[in-house]
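Down below is the structure, laid out as structure tokens.
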Amino acid sequence: MTSPDNTVIGTPNESIVDTGGNTWTIVGGRVAVNGVVDPSTANVIEMAYESGVIWQKNADDLWWSKSSPAAAWKPPYGTPVDPIPNQHASANDTIVTVIPGQPASSITDASGNTWSILNGQVSLNGVADGTTANVIELAWANGRLWQENANHIWWSKAKPSDPWAPANGTPVNPVSGVVRTWTGDGSFDTASSWMPGGVPQNGDTAVVPSGSLQITPGNATGVNFVFAGGGAGFNVSGNYYTGLWYSNGTTANIGVGYPGQTVNVVTNGIDLTHAQMIVAEIIYGTESLAIHGTSNIRAGSTLAVQDVGTASLPRGALENDGRMNLDASTLAVGSVIGHGVVRATGNSIISTLFAGSSETIQLVAGHLDIGGSPIGTSTAMQFLAPITEFGRTSEISLNDTHATSEVFAKSGPTAGELFLYDGSALVADLHISGQAHIYAQQTPVAGSGDSVVLTAYDSGHSLPVVTTGA
């Protein structure tokens, strides 16, 4: 039976039958007619049957045709024009990954070639490329076919006859910004647990609607995370460098560290809207969480860093090396270190035990809560960060602190160093700017130690204050 128009073959077990009953196949990269190889052909990767004419295409994507076995192939030097109508290349940035239990998918290039993954090798029109191995993903990007191996190294070519380049591959993902959604519960590098299939790479966005991702060093570098109900764990010793962390309207639980492990996690920023992010730093190990970019905590959100492992532990440490904007939200940490800025507006709350001298707290409209159980007395003495832009509606609470007098040594019209004394003992030393006068009020707290509240106005019950300097 004559093959229908638009028949395309690319593997040795496929054939075309012409109107004369001749059978055409591909054997060893050559055209064969009724089993007899045509020696004038070479590097054949595809054949087609269109309007009674046989076509062959070589690895340079050039086509020749003839209407019978005895005819000559023409044109003499081939043509790049595809004889099969209505063929279209896959969309730019198309990705193909092998997912166990699901049908294999493929990519069509601009010349109509079909590329897929067959037993860990690149397959061209159904024929495996023996120069490839451990292939986990294909991509079609900017007119080139890309293959990625299990070590997350990429090679590409523009047409089948080209060599894979560069010679040693590149770790740079040619398709950035892919959004993949987590569908499992376990290891981040399980390709079949992502939709579309494939492990997220640098520049990609990983959406985690449920479950918990277990991430190991070397994975998730540069990956942006959207925590939409799920969480993540960084529990194995090593360094992690992730992209941004987002959450909107949900609670995200993030685990950092494990007993006996040294875990250092870096994110390019945290963005929360109507959300909670609880970071559990596991004791009996060494762990750190650092933010190197801009963070936005807004609309009633909370970012909390908590030590876990035994009861009554203080909150954990946060290294902020970027700019964190708090708007009507809460930051609750054991300590803030780094070389960044935390800016509080919208009556936000910053609750911490300690802040390093290279960090800056901009208290435009908010409440800075320093100290609190379980800690010792006079923890305000450990608060070294300068407090700037102290607003008229802002407050600072020094918990577990008892004071009888205040000295505000001004270094400028609206800046100075504030000292609190309990009798003759110095109990607090803070650098504050933004107001011409700072007032301290001693406030008994039921069931715990006293608290001193600092404001820009005189409550009528303020401690005696001596103002010096400018």
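Give the residue that is surrounded by the fewest Cβ atoms within 10 Å (Cβ to Cβ), with candidates limited to residues of the range 27-58 that are among the β-branched types (Val, Ile, Thr) and more than 46 Å from the chain's Cα centre (by Cα). Out of the qualifying residues, it is Val36.
When Ala428, Ala446, Ala436 are screened for being of a type in the set (Gly, Ala, Ser), modelled with pLDDT of 90 or more and either open to solvent by less than 30 Å² (accessible area, probe 1.4 Å) or assigned to a loop (DSSP other than H, G, I, E, B) (or both), only Ala436 passes. Taking (1) open to solvent by less than 10 Å² (accessible area, probe 1.4 Å); (2) at pLDDT 90 or above in turn, Gly257 satisfies each apart from (2). Take the residues in the range 165-197 that are open to solvent by 50 Å² or more (accessible area, probe 1.4 Å) and charged (D, E, K, R), then tell me which one is nearest to His152 (Cα to Cα). It comes out as Asp189.
Scanning the range 384-406 for residues that are open to solvent by less than 40 Å² (accessible area, probe 1.4 Å) and part of a strand (DSSP E or B) gives Ile387, Thr388, Ile396, Ser397, Leu398, Asn399, Ser405, Glu406.
The criterion of being closer than 25 Å to Asn296 by Cα, among the small types (Gly, Ala, Ser) and crowded, with 16+ Cβ neighbours inside 10 Å holds for Gly211.
Residue by residue through the range 132-152, note down the ones that are hydrophobic (A, V, I, L, M, F, W, C) and closer than 15 Å to Asp189 by Cα. Before you say what the answer is, go through the steps one by one.
Initially, the range 132-152 is screened for residues hydrophobic (A, V, I, L, M, F, W, C), giving 133, 135-136, 138-141, 145-146, 150.
Within the range 132-152, Val135, Ile136, Ala150 qualify.
The set of residues from the range 260-277 being more than 24 Å from Gly203 (Cβ to Cβ) and modelled with pLDDT of 90 or more comprises His274, Gln276. Among the residues of the range 122-136, those that are within 15 Å of Lys157 (Cβ to Cβ), open to solvent by less than 50 Å² (accessible area, probe 1.4 Å) and either assigned to a loop (DSSP other than H, G, I, E, B) or not small (Gly, Ala, Ser) (or both) comprise Val122, Leu124, Asn125, Asp129, Thr132, Val135.
Which of the residues belonging to the range 140-164 are farther than 23 Å from Pro80 by Cα and either among the hydrophobic types (A, V, I, L, M, F, W, C) or not in a loop (DSSP other than H, G, I, E, B) (or both)? Give the steps one after another, and end with the answer.
To start, the set of residues in the range 140-164 that are farther than 23 Å from Pro80 by Cα comprises 147-155.
Across the range 140-164, the qualifying residues are Gln147, Glu148, Asn149, Ala150, Ile153, Trp154, Trp155.
Screening Ala456 on (1) exposed (fewer than 15 other Cβ atoms within 10 Å of the Cβ); (2) under 23 Å from Glu359 (Cα atoms) shows it passes everything except condition (1).
In this structure, does Pro200 turn out to be modelled with pLDDT under 90 and either open to solvent by less than 20 Å² (accessible area, probe 1.4 Å) or touching a Pro at 6+ places or on another chain (Cβ under 7 Å) (or both)?
yes
The residues of the range 41-63 that are free of Cβ contacts under 8 Å to residues at least 40 places away in the same chain and under 19 Å from Leu124 (Cα atoms), listed by number, are Thr41, Ala42, Val44, Met47, Trp55, Gln56, Leu62, Trp63. When Ser123, Ser156 are checked against the criterion of being farther than 28 Å from Gln214 by Cβ, in contact with a Leu (Cβ under 7 Å, 6 or more places away or on another chain) and not basic (Lys, Arg), Ser156 stands alone in meeting it. For Pro200, the conditions (1) outside any strand (DSSP E or B); (2) without any contact (Cβ under 8 Å) to a residue 40 or more places away in the chain; (3) out of contact with any Lys or Arg (no Cβ under 8 Å at 6 or more places or on another chain); (4) not acidic (Asp, Glu) all hold with the exception of (3). If you check Gly222, Gly300, which single one turns out to be at pLDDT 90 or above and either more than 19 Å from Ala332 (Cα to Cα) or assigned to a loop (DSSP other than H, G, I, E, B) (or both)? Residue meeting the stated conditions: Gly300.
Against the test of being among the hydrophobic types (A, V, I, L, M, F, W, C), on the phi < 0 side of the Ramachandran plot and modelled with pLDDT under 85, the options Ala128, Ala141, Ala104, Ala133 yield a single qualifying residue, Ala104.
The values are calculated or read from the model by the stated rules, or taken from the named source; none is laboratory data. Note that this is a predicted model, so its numbers are computed, not measured. Cβ sites come from the backbone with ideal geometry, for glycine too, and all protein chains shown count toward neighbours. Quick note on the areas: whole protein, heavy atoms, side chains included, nothing else; ligands and nucleic acids left out. Shrake-Rupley method; radii C 1.70, N 1.55, O 1.52, S 1.80 Å.
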